[in-house]
Amino acid sequence: MPKPIRKAVFPVAGLGTRFLPATKAVPKELLPVVDRPLIDYAVREAAEAGVTRVIFVTSGRDAALRRHYRPDTELEKTLESRGKVAERDRLAAIVPEGVQLEFADQPVPLGLGHAVRCAREHVGDEPFAVLLPDDLVQAEPGCLAQMFGRYRETGGNLLAAETIPPDRTDRYGILDVGAGGMVPGGLADVRGLVEKPPPAAAPSTLAVVGRYILQPEIFAALDGVAPGAGGEIQLTDAIAALIGRQPVSCFRFEGVRFDCGDRQGWLMANVAFALDRPDFDGIGDELRALLETAGRRNQIGGAE
Ligand code: UTP
């Protein structure tokens with residue numbers, strides 16, 4: 001049985017151009033989903049799976065992220081003096097218990113593969129996870145915990161996957177797993193992997209989403225990767241280079257993924273997570289009513 005994975009890399013040095021101007025002063029991973037920054041969901045997901053060392057790969061624009069995770073005893077004291085004990089406790093619990101945070105630097109945003117390579121010294125010679133926090137997965141247990149469970153059977157490299165609409169293949173790494181689709185909970189061997197192919201050239205409609213378990217050999221593979229799609233050093237190209245040398249499998253997780261790097265996906269995540277919050281009861285009802293009214297208005301608008 002492979003050794004349990006303890007380290008997870010969070011590449012967060014991208015420019016977040018799709019969200020400008022919101023991401024000019026606030027990095028994309030700190031945009032809120034309901035009342036918690038996007039990145040907290042991924043850090044909690046990793047902690048739930050058993051990760052104890054979180055490695056953020058950041059650019060020079062990481063002051064807000066560091067501030068979010070730094071304890072603020074002054075603010076905690078102020079909240080306490082105003083009787084806001086629940087709020088104080090929520091602040092104090094931002095970093096999950098037993099989790100240590102580290103920062104690695106990506107001086108220039110040369111792509112996701114390059115960002116992962118920048119974490120090499122922190123990872124060392126052991127398997128690790130990679131989470132892209134803008135892929136937010138609503139699942140119980142979390143997506144990474146599901147993957148860790150399956151990794152005990154597969155070992156090697158394991159990628160989270162889901163089927164996407166055929167006209168969107170040029171936004172994702174697309175998998176070749178031979179014939180047939182994948183059911184939730186299913187595993188498949190990966191035969192090939194292409195970054196952002198046009199629909200006509202895509203080997204399937206099965207896309208890699210932002211959760212990976214990788215072996216340390218990925219770093220040598222990344223060293224050999226030339227800039228690919230979009231002129232960036234692509235992680236998928238390095239994983240593709242491992243096929244045939246190491247097991248590479250994919251896993252159709254159970255749950256719903258929201259692409260929060262995209263405005264529509266982020267809005268949908270906010271609605272889905274708000275409706276799912278038991279402590280949001282009254283607000284949930286008002287939100288539901290608003291959605292119904294807006295839906296009716298759009299139907300009427302569409303008929304005109
Ligand atoms: P995206 O492809 O979403 O790029 O990166 P982006 O720059 O964040 O956003 P857009 O497309 O300009 O709107 C996927 C993940 O990889 C990280 C991002 O921070 C995000 O978590 N990334 C990307 C890096 O850390 N470094 C890079 O050079 C590129």
### Distance in nm between pseudo-label sites at Ala272 and Ala139 (7 Å out along the Cβ direction from Cα)
1.2 nm
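What does the accessible area per residue of the chain come to in Å², with a 1.4 Å probe and no ligands, DNA or RNA counted?
Details: 15320 Å² over 304 residues.
Per residue, the chain has 50 Å² of solvent-accessible surface.
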### Task
Using only protein heavy atoms and a 1.4 Å probe, report how much of Val95 is accessible, in Å² to the nearest 10.
50 Å²
### Long-range HN-HN contacts of Gln234 with modeled amide H, under 5 Å
Gly113, Gly228
### Task
Using Cα centres only, tell me the gap between the range 98-126 and the range 1-69 in whole Å.
12 Å
### Query
In a Debye calculation with equal point scatterers on the alpha-carbon sites of the range 71-110 and no solvent, what is log10 I(q)/I(0) at q = 0.15, 0.24, 0.31 Å⁻¹?
-0.51, -0.78, -1.01
### Residue-averaged 222 nm ellipticity for the chain, from DSSP H runs of 4+ at -39500 (n - 2.57), nearest 500
-10500 deg cm²/dmol
### Query
aspartates and glutamates within cross-link reach of Lys77: Cα-Cα under 20 Å, excluding same-chain residues under 8 positions apart?
Glu87, Asp89
### Query
When the accessible area of the chain is split by element with a 1.4 Å probe, what percent falls to carbon and sulfur?
52 percent
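Take the alpha carbon gyration tensor of the chain, find the square roots of its eigenvalues, order them as a ≥ b ≥ c, and report rounded if a/c is under 1.5; if not, report prolate when a/b exceeds b/c, else oblate.
Because a/c hits 1.5 or more and a/b fails to exceed b/c, the chain counts as oblate.
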### Task
Report Asp262's accessible area, 1.4 Å probe, all protein chains in place, as a number in Å² to the nearest 10.
50 Å²
#### Entry: Length added when fully stretched, Glu76-Leu101, from 0.36 nm per residue minus Cα-Cα
7.0 nm
## Note on the structure
Whole-Hz Karplus couplings 3J(HN,Hα) for the range 50-59, θ = phi - 60° and coefficients 6.51, -1.76, 1.60, Gly and Pro as x, run x, 6, 10, 10, 9, 10, 7, 9, 10, 9
### Message
Apply the a/c threshold of 1.5 to the C-alpha gyration tensor of the range 160-298 and tell me whether it is rounded, prolate or oblate.
### Response
prolate
### Query
Using the Cα gyration tensor of the range 41-84, with a ≥ b ≥ c the square roots of its eigenvalues, what is the shape: rounded (a/c below 1.5), prolate (a/b larger than b/c) or oblate (neither)?
oblate
### Query
Distance from the Cα centre of the range 162-189 to that of the range 232-269, in angstrom?
10 Å
### Summary
Using a 1.4 Å probe on heavy atoms of the protein chains only, the accessible area for Glu87 in Å², nearest 10, reads 70 Å²
### Message
Give me, ordered by chain and number, the residues 5 or more places off Lys196 or on other chains with an amide H under 5 Å from its own placed amide H.
### Response
Tyr172, Gly173, Ile174
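The values are calculated or read from the model by the stated rules, or taken from the named source; none is laboratory data. Computed from a predicted structure; not experimentally measured. Here the Cβ is made from the backbone with ideal geometry for all residues, glycine too, and neighbour counts use every protein chain on show. SASA here: full protein model, heavy atoms, side chains in, ligands and nucleic acids out. Shrake-Rupley method; radii C 1.70, N 1.55, O 1.52, S 1.80 Å.
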